Amino acid sequence: MTHGTHGENTQGEHTQSENTVGIGELAARTGLPVKTVRYYSDIGLLPESARSRGGHRRYAANALPRLRLIQRLRALDTPIAVIAAVMTGEHSLADLVTRELDTVQAHMRELTWRRGLLRALDDCPEPERLRRLALLAEVGRLDEAHDRLVRYWHWALPTDLPHRLTRAVIEGAVPEPPATPTGTTTLAYAELHALTGKDDRRRQPQSHQVGDVASFYSGIMDACTLAAEALAADCPAQRAEALDHFVRTYARIGGHDDTPAFRAHLRTRFRHAAHHDAFPLRYWRHVLAVTGETPPRSTVTGPGHLAASLATLHQQVAGLPLAAERRNTEETPQ
């Protein structure tokens with residue numbers, strides 16, 4: 001009986017050896033060091049199937065393709081924790097690719113922005129470099145910087161403005177950080193943030209100034225949409241239509257008609273209110289520097305960034321340009 005038992009054990013271990021693979025063979029077939037395979041086994045990425053009578057680790061037949069998958073994912077610098085989620089079935093390989101792609105894109109965005117920040121600090125006199133450093137330090141974290149601009153507009157707009165209009169104004173007035181930042185656009189974005197954080201920042205027109213705020217802001221947004229379409233199409237007739245809509249919006253505030261006399265009054269009002277340090281002027285000039293003076297073609301379906309549209313309308317009303325790089329003394333309409 002003792003002999004028979006010994007024979008069964010030998011046969012069982014022999015069968016086990018045929019159906020499993022050792023750590024040395026896994027290492028040899030993948031080119032990985034034995035200690036690396038052992039590490040993956042220790043942390044649960046490569047579960048053991050059994051142990052030999054000598055105490056050596058044995059792995060199931062599927063261990064080789066599993067190890068090769070781990071090896072290839074690590075070659076892409078995939079974190080161990082992410083690989084573990086795939087190995088346990090918590091996430092699919094497709095999920096991993098999507099998540100890692102999002103992570104890489106976020107890192108690239110951060111690095112691109114950091115490059116823009118450094119470019120803005122490069123090649124300028126030391127006093128100016130220190131001034132810029134103070135500004136740029138406030139926009140190092142892009143998401144936080146964007147949120148601060150949104151909060152400014154929530155503060156600045158009338159509290160009784162309908163939600164849809166509030167959202168539309170904010171979407172048009174708050175620029176995204178430049179996708180391919182240069183030193184100039186990065187600095188303009190930082191200047192914009194500094195401006196909205198100052199004590200002399202301005203609120204936008206309130207109910208006591210324009211009466212029906214919904215009608216006023218809706219009219220301004222419609223005029224900006226028309227102006228954006230005119231810019232995209234380079235169409236003089238559409239520019240004239242946008243101007244008519246814009247002037248009528250201002251005329252309704254005081255119960256006026258759109259007449260030559262009212263247009264002359266509006267032109268004088270804009271010019272007299274204008275000075276280089278005016279908050280609205282500075283705000284929209286900085287936005288123009290960030291977004292560009294011509295809206296992208298996609299704005300034909302909406303107002304898009306308001307700065308280019310308002311710049312066009314301002315020039316038509318006041319006869320003065322609102323180019324980001326110029327230093328005239330006019331004020332943009334709010």
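Scaling the Cα radius of gyration of the stretch 126-318 by the globular reference 2.2 N^0.38 Å produces a ratio of 1.05.
Please report the net charge: other residues with Cβ closer than 12 Å to the Cβ of E25, K and R +1, D and E -1.
Values: positive: R29, R57, R58; negative: none.
In short, +3.
Angle check, please: helix 279-291 long axis (alpha carbons) against the longest principal axis of the chain (alpha carbons), in degrees 0 to 90, nearest 10. For 279-291 against the chain, the angle is about 40 degrees. Rg and Dmax, both from the Cα atoms of the chain and both in Å, are 32.6, 120.
If you run the Gaussian network model on the chain, springs between alpha carbon atoms under 10 Å, then out of V37, V287, V104 the most flexible one is V37. Using the alpha-carbon centroid of each, what span in Å lies between the stretch 97-126 and the stretch 194-223? Cα centroid to Cα centroid, the span is 34 Å. Of the residues A242, A63, A190, the one that moves most in a GNM of the chain with alpha-carbon contacts below 10 Å is A63. Peptides 218-227, 163-172 ranked from most to least packed give 218-227, 163-172, packing being the mean of other C-beta atoms within 10 angstrom over each peptide's residues. With both labels modelled 7 Å from their Cα along Cα-to-Cβ, the I80 to D102 distance reads 2.5 nm. Considering only H154, H91, H272, the Gaussian network model of the chain with Cα springs below 10 Å gives its largest mean-square fluctuation to H91. The length gained by stretching the chain between L130 and D42 to full extension, at 0.36 nm per residue less their Cα-Cα distance, is 26.5 nm. Computed 3J(HN,Hα) for the stretch 163-171, one whole-Hz value per residue from the Karplus formula 6.51 cos²θ - 1.76 cosθ + 1.60 where θ = phi - 60°, is 4, 4, 6, 4, 4, 5, 5, 5, 4, glycine and proline marked x. Relative to the longest principal axis of the Cα atoms of the chain, the long axis of helix 236-253 makes an angle of roughly 70 degrees. Applying the Karplus relation 6.51 cos²θ - 1.76 cosθ + 1.60 with θ = phi - 60° to the stretch 133-139 yields 3J(HN,Hα) values of 4, 4, 6, 5, 4, 7, 10 Hz, where x marks Gly and Pro. Here the sum of -39500 (n - 2.57) over DSSP H runs of 4 or more residues, divided by the residues of the chain, equals -21000 deg cm²/dmol at 222 nm, to the nearest 500. Computing Rg and the Kirkwood Rh from the Cα coordinates of the stretch 40-110 gives a ratio, Rg/Rh, of 1.10.
Axis of helix 93-121 versus longest Cα principal axis of the chain: the two differ by about 50°, to the nearest ten degrees.
Taken together, the values in this text are just the output of simple stated rules run on the coordinates, not laboratory data. Not measured: the values here are computed from a predicted model. Here Cβ is always computed from backbone atoms with ideal geometry, including for glycine, and neighbour counts include all displayed protein chains.
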